[in-house]
1. Give the angle, between 0 and 90 degrees and rounded to the nearest 10, that separates the Cα long axis of helix 184-209 from the longest principal axis of the Cα atoms of the chain.
2. Efficiency by 1/(1 + (r/R0)^6): what FRET value for V178 and L324, r their Cβ-Cβ distance, R0 = 41 Å, to the nearest 0.05?
3. Given 0.36 nm per residue, what is the gain on full extension from R163 to L140 after removing their alpha carbon distance, in nm?
4. Can you work out the FRET efficiency for the pair R211 and D42, with r the C-beta to C-beta distance and R0 = 56 Å, to the nearest 0.05?
5. What is the fewest-to-most order of S232, S265 by other Cβ atoms lying within 10 Å of their Cβ?
6. May I ask for the angle, rounded to the nearest 10°, between helix 87-96 and the longest principal axis of the chain, with both axes built from Cα atoms and the value confined to 0 to 90°?
7. Once the Cβ-Cβ distance between E61 and N111 is put in as r, and R0 is 41 Å, what FRET efficiency do you end up with, to the nearest 0.05?
8. Could you calculate the contour length gain from F272 to T247, that is, 0.36 nm times the residue separation minus the distance between their Cα atoms, to one decimal place in nm?
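Every read-out reported here was derived from the displayed coordinates using simple, explicitly stated rules and does not represent laboratory data. Since this is a predicted model, take the numbers as computed values, not measurements. Cβ atoms come from the backbone with ideal geometry, glycine included; neighbour counts cover every protein chain shown.
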Amino acid sequence: MDVTVGTFNLNNLFSRFNFEAEIPAILEAPGPGLTASYVFDDPEQVRIRTYRGRLVQAKDEEGQRLIAERISRMDLDVLAVQEVEDIDTLRFFVAKELDHLYPHLTLIEGNDPRLIDVAVLSKLPIGAVTSWQHSVHHELPEGRVFSRDLLEVEILDPGDRNRRLFTLYNNHLKSQFVEFGTDPDVGKLANDTRRRQQAETIARIVAARNRPDGRFVIVGDMNDTPEAATLSAFSTSTELNLTNALTHPVQTREPKPDTPPPPASGAWTHRFKESGRPAAYELFDQIWLSPVLAERQSGAFIDRRTRHGGDGSDHDPAWVALTL
């Protein structure tokens, strides 16, 4: 059977509930201009969600529509996603924006203070799901190493749910963002160190959970390039022998013109333009295949954005085709 597997950072798929109510006493009262106010005078009973001093807002309808169009157009069998607020947000999005395209989905609340989690959408049945959010690195034994989570998901054969097709490991590694007021060099070193620790922990877990001839895929927003030193646990591991599946992907459309132009290989999913400097094009969203699956890869693809800023997300989704 042919199976398509991809990854997509949905860029803050938040949902904030807006409550509406009808109060009969107001509706039935005579005369215009009657209003009501609600006072929350007990700070212990009120919590306002903010991040970096700003109120956390829902993803706007246009942004949701754009990422839904991209997901529907790809029509993948299995899609790992990042930056989703919670399982209810994901369910509502799949029902409303994707017309129930994915009957199987999973999300476990992770470590991120912004509540952006990793999740998996699947047309194929899902088996066991494991969160590794409590994992530690030997250099950091006193705290959790993952900023969000490492989500391990079994993908099953729809014709025989006792048969596992492959195991998917979804990730969202430490961002390159340095907080305002932090020394840039110090902040970059701290971020790079944490990202290296996360990659090493992932490699250790995956190696312990799988045989050398196992079928497994490591995907997600790695927030660094495949050849970066921080991700050397993926690129150089002799235990895992992983293959970067996105070295020469097919692009769904030509990229927007730029100076300098984007990489000719098409192997990029993220564009960052710092003021006064040329844009950087990098493959942050990655798919690493085990040796057995690498032999069964029949294609690699990236859905190219139509605008420099991105279509509903500042990441482009990537996927591979496998013959199992």
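1. For 184-209 against the chain, the angle is about 70 degrees.
2. Details: r = 42 Å, r/R0 = 1.02.
Rounded to the nearest 0.05, the efficiency is 0.45.
3. Values: separation 23, 0.36 × 23 = 8.28 nm, distance 3.70 nm.
That works out to 4.6 nm of additional length.
4. Numbers: r = 56 Å, r/R0 = 1.01.
Working from the Cβ atoms, E equals 0.50.
5. On the way: S232 15, S265 12.
Ranking S232, S265 by Cβ neighbours within 10 Å, fewest first, gives S265, S232.
6. Compared with the principal axis, the helix lies near 90 degrees.
7. Details: r = 29 Å, r/R0 = 0.71.
E between E61 and N111, to the nearest 0.05, is 0.90.
8. Details: separation 25, 0.36 × 25 = 9.00 nm, distance 1.99 nm.
Gain in length upon complete extension: 7.0 nm.
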